[in-house]
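Sharing a structure here in structure tokens format.
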Amino acid sequence: MTTLIASDRITLHQGEALGVLGTLPDSSIDTILTDPPYSSGGMTLSARQADPAQKYQQSGAKRRYPAMLGDNRDQRSFTLWASLWLAECWRIARDGARLMVFSDWRQLPAMTDAVQAAGWMWRGILTWHKPSARPVLGDFKRDAEFIITGSKGKPLTHTRRCLPGVYRHNVNSNRKVHLTEKPVPLLTDLLEVTQPECSVLDPFAGSGSTGVACLQTGRSFIGIELSPEYAAIAAQRLRETIVT
Ligand SMILES: C[S@@+](CC[C@H](N)C(=O)[O-])C[C@H]1O[C@@H](n2cnc3c(N)ncnc32)[C@H](O)[C@@H]1O
């Protein structure tokens, strides 16, 4: 493990999630908001095990991104692996903590199984509607991803607002620096369910989008990312967000 940022509000580790999670103390984090590799993107095992750059980019897209790691598990091993890191997150979370985990339609059943196997109370599914998703001739458009929500026991509530179940945000293809980057405004919307100054853990930080949303909203952040290239990109984005 290499620690790239260690400040009061931001910690960023480059390393393997399970190993790094094992170093974090019990009951020390208020929220888990994360976007793990989906191991998805194909109807067959060989299609799922293809390079993520092929699976998750529209055909003809020319942008090159650093390799996304850990995206080639088959269904059973994906569920088992997700249960392991989700159980570590459960140990690290405080009672009443919120869990929010991204998934796509193929992996939704596997991920909701893993969330519950790890001890989390499954509370529901939010929809991220992406109007800019590619149309499919003669078929339905797959223009949604999902956020599985859960809690460690009875959830603590921190807002008097009735929050939506569907969020609509476009992917900013021209500006994104990660192959499967999530829009910061979406992450900011999701954080509204949490306490304003809470601590947020993202064990699959990618380019650091969750951390940017935390910094912009006064929350503290602990991120973990396996890829040295993406960890460096996340560190740079986070430092730039601190300065601006
Ligand atoms: C879906 S991406 C996260 C993208 C992020 N939400 C963003 O907006 O940039 C998942 C990330 O998890 C990383 N990853 C895969 N396996 C990992 C592991 N075992 N430990 C830590 N990070 C891992 C990948 O390199 C990838 O960057």
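The values are calculated or read from the model by the stated rules, or taken from the named source; none is laboratory data. Treat the numbers as computed from the prediction; the structure is a model and nothing was measured. Note that we place each Cβ from the backbone using ideal geometry, even for glycine, and neighbour counts take in every protein chain shown. Ligands, DNA and RNA are stripped out before the accessible areas are found, and what is left, the full protein with its side chains, is counted by its heavy atoms. Shrake-Rupley method; radii C 1.70, N 1.55, O 1.52, S 1.80 Å.
For region 152-244, what does the accessible surface come to per residue with a 1.4 Å probe? Please give it in Å². Provide the component values of the computation, followed by the final result.
On the way: 4480 Å² over 93 residues.
Roughly 48 Å² per residue, with all protein chains present.
Residues with beta-carbon under 14 Å from that of Leu126, excluding Leu126: net charge, scoring Lys, Arg +1 and Asp, Glu -1? Spell out each step's value before the answer.
Values: positive: Arg98, Arg123, Lys130, Arg168, Lys182; negative: Asp35, Asp104, Glu145, Asp189, Glu192.
Charge balance near Leu126 sits at 0.
Can you give the log10 of the normalised intensity I(q)/I(0) at q = 0.10, 0.11, 0.13 Å⁻¹, computed with Debye over equal Cα scatterers of the chain?
-0.44, -0.54, -0.77
So what is the calculated 222 nm ellipticity per residue for the chain, using -39500 (n - 2.57) for each DSSP H run with n of 4 or more, over all residues, to the nearest 500 deg cm²/dmol? Please report the intermediate quantities before stating the final value.
Details: 8 runs with 73 residues, N = 244.
Result for the chain: -8500 deg cm²/dmol, rounded to the nearest 500.
What net charge is computed for the residues neighbouring Val184, neighbours being all others with C-beta under 11 Å from the C-beta of Val184, Lys and Arg scored +1, Asp and Glu -1? If you can, show how the numbers build up before the last one.
Numbers: positive: Arg175, Lys176, Lys182, Arg237; negative: Glu181, Asp189.
That works out to +2.
What is the packing order of peptides 153-166, 174-187, taking the mean over residues of other C-beta atoms within 10 Å and listing the highest first? Kindly include the intermediate steps, with their values, before the conclusion.
Values: 153-166: 10.9, 174-187: 18.5.
Going by the mean number of other Cβ atoms within 10 Å, highest first, we get 174-187, 153-166.
Of the chymotrypsin sites (Phe, Trp or Tyr not before Pro) in region 86-120, which ones lie in a loop per DSSP and count no more than 15 other C-beta atoms within 10 Å? Write down the numbers at each step before the final one.
Values: sites: Trp90, Phe102, Trp105, Trp120; in loops: Trp105, Trp120.
Sites meeting the loop and neighbour criteria: Trp105.
Do me a favour and compute the ellipsoid semi-axes for region 180-233 from its Cα gyration tensor, root of five times each eigenvalue, largest one first, whole Å.
On the way: eigenvalues 76, 27, 13 Å².
After diagonalising the Cα gyration tensor, the semi-axes are 19, 12, 8 Å.
Still on this structure, I have one more. If you roll a 1.4 Å probe over the chain with all protein chains in place, what percent of the accessible area is carbon or sulfur? Write down the numbers at each step before the final one.
Working: 6360 of 11880 Å².
Looking at the chain in its full context, I get 54 percent from C and S.
Additional query: Across bins of 5 angstrom width beginning at 0, how are the C-alpha pair distances of region 79-177 distributed, in whole percent?
3, 12, 18, 20, 16, 14, 11, 4, 1, 0
In straight Cα distance, which aspartates and glutamates are under 16 Å from Lys182, not counting same-chain residues fewer than 8 positions off?
Asp35, Asp104, Asp143, Glu145, Asp202, Glu225
Set Lys and Arg Cβ to +1 and Asp and Glu Cβ to -1, take the dipole of the chain about its Cα centre, and tell me which of Ser199, Pro155, His129 lies farthest positive.
His129
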